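This is the structure I have questions about; it appears just below.
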Protein chains: 2
Amino acid sequence: MPIYTTPIFNINLTRITENYHLLARLSQPASAAGVVKDDAYGLGATQISQALYAAGCRHFFVAHGCEGEIVRQVAPDAEIFVLQGIGTDSQQSFARARLIPVICSLEMLRFWQQQPLDGIKPAIQVETGLNRLGFREADLELLSPTELQSFSYVLSHLSCADEQAHFMNARQLENFRHLKQRFFAHTPATLSASDGVFLGADFHFDLTRLGAAIYGINTAPYRENEMKNVLELKAPVLQVKPLAKGEFVGYSATFRAPQDMKIAIVSIGYGDGVPRSLSNRGKVIFYQHGVAHFCPILGRVSMDNIICDVSQLPQCMVGDFGYLICDDYTVDDVARDAGTIAYELISNLGKNPRFIRNYTA
Amino acid sequence: MPIYTTPIFNINLTRITENYHLLARLSQPASAAGVVKDDAYGLGATQISQALYAAGCRHFFVAHGCEGEIVRQVAPDAEIFVLQGIGTDSQQSFARARLIPVICSLEMLRFWQQQPLDGIKPAIQVETGLNRLGFREADLELLSPTELQSFSYVLSHLSCADEQAHFMNARQLENFRHLKQRFFAHTPATLSASDGVFLGADFHFDLTRLGAAIYGINTAPYRENEMKNVLELKAPVLQVKPLAKGEFVGYSATFRAPQDMKIAIVSIGYGDGVPRSLSNRGKVIFYQHGVAHFCPILGRVSMDNIICDVSQLPQCMVGDFGYLICDDYTVDDVARDAGTIAYELISNLGKNPRFIRNYTA
């Protein structure tokens, strides 16, 4: 009997590409950028940028300069935008990899003007209602016409685009149009991430920024997800045993068996990025004869192990694999059970160095 | 004016060593192992194993074989135990790095017996109440005397040791003593992790396993923390701006300003491992003239940014650093605000590749 101990994380590049194509078509005539910040939401910036580049993507967004350097290695002639902008601590990345800073404040603009990089035209972020990074109208009034014309793109970001009817969408669109018309009439513009794409052509401008949705997340949860699930996470069963009525399970003894049960100990835990908030709430999926069985997590998720109820599966045994993420239990489903969003889930999972990680082409 | 964009993560190896020494003294005459699984709870297995080795530590615990290989590079003559045991997928690590599997099931024992590694005497995990990995009494009855004597250590794990008065502590101790006496009278034994050390000498046996507490976590929360904080996480302010009464902040507009305020946008987010559950609950600390100011997080934590209320800090400006973890707001404090435990917090933070990471000796 083979014994396994290591979780396996499968990332489907074909489906990521299909999701990108679907959203890129929806975005037309706007161009469609790939958002690969945070190591492509933890899934691997190198592999995913490569796949998107092969799919025709020529605009990329990252958060930090160091991330841009990674993308540059696989996207030699792309425009790579850095959303957190440029600073003393990241300048060298911009020079080495010809990255485009998104200037987010007057102070950063002055910094750039004192030490600009040859041949790079920065973008500018304007504030339209998220109240995060960006210039307000009063800040823009301080810039000269020459300064205003020095940007390659004007960018803003929607706060509530995952709720189609939210009043903020119309308000931010109006604010963005106003700022663009007053200060950036001839500058290409980008407002929408994945969620904004579904709000319609008014929101697309010249470039959409596709991140979460290409990784399979439903960014328009008011409708059925049109994106394909791109992830599979499974972990081996290390032990199967009976649990007698009245016995406790896991740290702090938070689960007590209401009747005799059978439990499986699965070799994955929050040390792998599985949210500890799935304790007594999440599920592990086991397939038998092609049928998915949802087995409740019992007690606390611990750092390296999860205990689940396999009473319904007489044949479950050591060496079987339980699924933490699959087509039948997607990242959105897991995040819902964990009380968070799929963005945070995959961002934490993806950084795990101890997974066996496979990219299927 | 200098501009910064990158978070900085400082890990104090001196304090980790001091914490180890304190617990090692408490453990005497038992030996004290270092638990460096999950990349030393995300803080860097190489650097921390090296520091512990220099402090005299000669027993290490990891979860997976691949982690043991990393420790072996800096601990040439140490005993390195692998808690998830050995499997088809990890065998090579054990051979290469002379790792000691902790056998957790009959199936794994049979696997080991079919392909043992020369010169390695495995450990065995027994089940005393956590109902996670390990042999129960009925399983042990199936082993021959020769098999029972083939182990280098007998190990179990406490479920409720962070609550001094919990009935499970006495119950598990009794179960462990019983199994040891009946099956492993002459085998060295280990029962306690950091939290068990504080339960007293009865719980120490031959070896204690020091993890969480050496990283500064209070594993005995019923008393004041005697461990030193070992972490500092800070991130630069990218923008400071006024927020007018009635304006919204962040995704889904979950914060609305009750009066005119001043906000700072700090360059760190859940993409860096900061829990998104700190939304509208956590704090960012700013120091002015040596005084810590606790500035509430406003709205949702986003992937790369946190917005906080700096109304009380007229001098706060771009380029300042806000602290997410420091001596005044420790990993336990942050975890409490986030609704989780410090173990999960640091495990997610530590894997971030985009921090500037410093080890202070």
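The values are calculated or read from the model by the stated rules, or taken from the named source; none is laboratory data. These numbers were taken from a predicted model, which means no experiment stands behind them. Here the Cβ positions follow ideal geometry from the backbone for every residue, glycine too, while neighbour counts run over all protein chains shown. For accessibility, only protein heavy atoms count, side chains too; no ligands or nucleic acids. Shrake-Rupley method; radii C 1.70, N 1.55, O 1.52, S 1.80 Å.
List the accessible area buried at the contact between B and A, summed over both sides and calculated with a 1.4 Å probe, in Å² to the nearest 100.
6500 Å²
Count the net charge of all other residues whose Cβ sits under 15 Å from the Cβ of A:T190, scoring Lys and Arg as +1 and Asp and Glu as -1.
Overall, the nearby charge balance is +1.
OK, next. List for the range A:1-28: residues with 50 Å² or greater reduction in accessible area, all protein chains versus chain alone, probe 1.4 Å?
A:I3, A:T5
Give me a comma-separated list of calculated 3J(HN,Hα) values for the range B:184-191, in order, Karplus coefficients 6.51, -1.76, 1.60 applied at θ = phi - 60°, integers in Hz, x for any Gly or Pro.
9, 4, 10, 9, x, 10, 9, 10
Would you mind working out the magnitude of the charge dipole of chain A relative to its Cα centre, with +1 at each Lys and Arg C-beta and -1 at each Asp and Glu C-beta, to the nearest 20 Debye?
Rounded to the nearest 20 debye, it is 460 debye.
Hey, another quick one. Please report the net charge: other residues with Cβ closer than 11 Å to the Cβ of B:V310, K and R +1, D and E -1.
Local charge sum for B:V310: 0.
Just checking the output field for A:32-42: average partner chain Cβ neighbours within 10 Å of each residue's Cβ?
Neighbouring Cβ atoms belonging to other protein chains average 2 per residue here.
Still on this structure, please answer the following. Taking the Cβ of A:V249 as the center, what net charge do the other residues with Cβ under 10 Å away carry, scoring Lys and Arg +1 and Asp and Glu -1?
My count for the surroundings of A:V249 gives +1.
Go through B:289-297, B:194-202 and give me the packing order, highest mean Cβ count within 10 Å leading. Don't skip to the answer; put the middle values down first.
Working: B:289-297: 14.3, B:194-202: 19.8.
Ranking, from highest mean packing down: B:194-202, B:289-297.
What whole-number distance in Å separates the alpha-carbon centres of the range A:181-219 and the range B:238-255?
What the calculation gives is 21 Å, centre to centre.
How large is ³J(HN,Hα), in whole Hz, for each residue of the range B:26-33 in order, when computed from phi with the Karplus curve 6.51 cos²θ - 1.76 cosθ + 1.60 and θ = phi - 60°, using x for Gly and Pro?
With the stated coefficients, the range B:26-33 comes to 4, 7, 4, x, 5, 6, 10, 8 Hz.
Report, in whole Å, the centroid distance computed from the Cα atoms of the range A:138-166 and the range B:70-142.
58 Å
Here's something else I'd like to know. Near the amide H of A:Q288, under 5 Å away, which other amide H atoms are found, from residues 5 or more places off or on another chain, if H is placed in the peptide plane?
For A:Q288, the qualifying residues are A:H293.
At a 10 angstrom cut-off on C-beta neighbours, averaged per residue, how do the peptides B:103-109, B:174-180, B:15-21, A:262-268 rank from highest to lowest?
A:262-268, B:103-109, B:15-21, B:174-180
Same structure again: Across peptide A:102-115, how many C-beta atoms of other chains are within 10 Å of each residue C-beta, on average? Each step should come with its number before you reach the end.
On the way: counts 0, 0, 8, 8, 2, 10, 7, 1, 3, 5, 1, 0, 1, 0.
Mean partner-chain Cβ count within 10 Å for A:102-115: 3.
Using θ = phi - 60° and the Karplus relation 6.51 cos²θ - 1.76 cosθ + 1.60, list the HN-Hα couplings for the range B:70-83 in order, rounded to whole Hz, with x at every Gly or Pro.
Result, ordered by residue: 5, 5, 4, 4, 10, 9, x, 10, 7, 8, 10, 9, 10, 5 Hz.
Taking the Cα centre of the range A:189-271 as the origin and placing charges on Cβ (Lys, Arg +1; Asp, Glu -1), which of A:T254, A:T208, A:S192 is farthest toward the positive end of the dipole?
About the Cα centre, the residue reaching furthest to the positive side is A:T254.
Let me ask another. Please list, in chain and number order, the residues 5+ apart from B:G211 or on another chain whose amide H is under 5 Å from its amide H, with Hs placed from the backbone.
Here the answer is B:V35, B:S194, since their amide H atoms fall under 5 Å of that of B:G211.
For chain B, give the percent of accessible area contributed by carbon and sulfur heavy atoms, probe 1.4 Å, rounded to a whole number. Spell out each step's value before the answer.
Details: 6430 of 12860 Å².
Roughly 50 percent of what the probe reaches on chain B is carbon or sulfur.
Counting only other chains, and only Cβ atoms inside 10 Å, what mean value do you get across the residues of A:343-355? List each step's numbers first, then the result.
Details: counts 7, 11, 2, 0, 9, 11, 1, 1, 8, 5, 8, 10, 2.
Whole-number average of other-chain Cβ neighbours for A:343-355 is 6.
Another question about this same structure. Which of the cysteines found in chain B have nothing to pair with, since no other Cys Cβ lies under 4.7 Å from theirs?
B:C57, B:C66, B:C104, B:C160, B:C316, B:C326
Assign one of three labels to the range B:1-104, namely rounded, prolate or oblate, based on the Cα gyration tensor with a ≥ b ≥ c the square roots of its eigenvalues; rounded applies when a/c is under 1.5, prolate when it is not and a/b is larger than b/c, and oblate otherwise.
Because a/c hits 1.5 or more and a/b fails to exceed b/c, the range B:1-104 counts as oblate.
Accessible area per residue of the protein assembly as shown at 1.4 Å probe, in Å²?
36 Å²
Going by a ≥ b ≥ c, the root eigenvalues of the Cα gyration tensor, does the range B:162-201 fall in the rounded group (a/c under 1.5), the prolate group (a/b larger than b/c) or the oblate group?
Oblate, since a/c reaches 1.5 and b/c is not below a/b.
For every helix of n ≥ 4 consecutive DSSP H residues, a contribution of -39,500 (n - 2.57) applies; sum these over chain B, divide by its total residues, and give [θ] at 222 nm rounded to the nearest 500 deg cm²/dmol. Before the final figure, lay out the partial values.
Values: 12 runs with 100 residues, N = 361.
It lands at -7500 deg cm²/dmol.
Nearest beta-carbon of B to the rotation axis carrying it onto A: which residue, how many whole Å?
For the rotation taking chain B to chain A, the closest Cβ gives B:K351, 2.
Considering amide H positions built from the backbone, and no H for Pro or chain starts, which residues 5 or more places from A:K283, or on another chain, come under 5 Å of its amide H?
Answer set, sorted by chain and number: A:I297.
Another question about this same structure. Any idea which of B:V266, A:L130, B:N225 is furthest toward the positive side of the dipole for the protein assembly as shown, if Lys and Arg beta-carbons carry +1 and Asp and Glu beta-carbons -1?
So the residue furthest toward the plus end is B:V266.
Is the range A:13-214 best put as rounded, prolate or oblate by its Cα gyration tensor, with a ≥ b ≥ c the root eigenvalues, rounded for a/c under 1.5, and otherwise prolate when a/b is larger than b/c, oblate when not?
Oblate, because a/c is 1.5 or more while a/b does not exceed b/c.
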